[in-house]
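A quick write-up on the structure given underneath.
The values are calculated or read from the model by the stated rules, or taken from the named source; none is laboratory data. Since the structure is predicted, the reported quantities are computational estimates derived from the model, not experimental observations.
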Amino acid sequence: MIELPVPRGTTVRTLIALMVERWGAGLSPYFSDLDEARPLPHVRVLVNGQDIAFLHGTATRLQEGDEVLMLPLLGGG
């Protein structure tokens, strides 16, 4: 787990942009569209256990103490 302090009013989109700024190319292109600061379709982002697809997408605002999980979907059979 990584704790990353963010400014008040940060959205998921802003969080991703901050992560890209901090870790740059080390943030896998398999995870994020670095130009758009958004997760790729095969990545699920959850805020406090809720998929952002059922909230406000990358415009979901984060509050102090929120837990954000970024999970790549795995395939196989």
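Can you find even one residue in the range 55-64 that is within 12 Å of the chain's Cα centre (by Cα) and modelled with pLDDT under 85? Checked the range 55-64: no residue is within 12 Å of the chain's Cα centre (by Cα) and modelled with pLDDT under 85. Taken over the range 10-42, the criterion of being of a type in the set (Val, Ile, Thr) and modelled with pLDDT of 80 or more is satisfied by 10, 11, 12, 14, 16.
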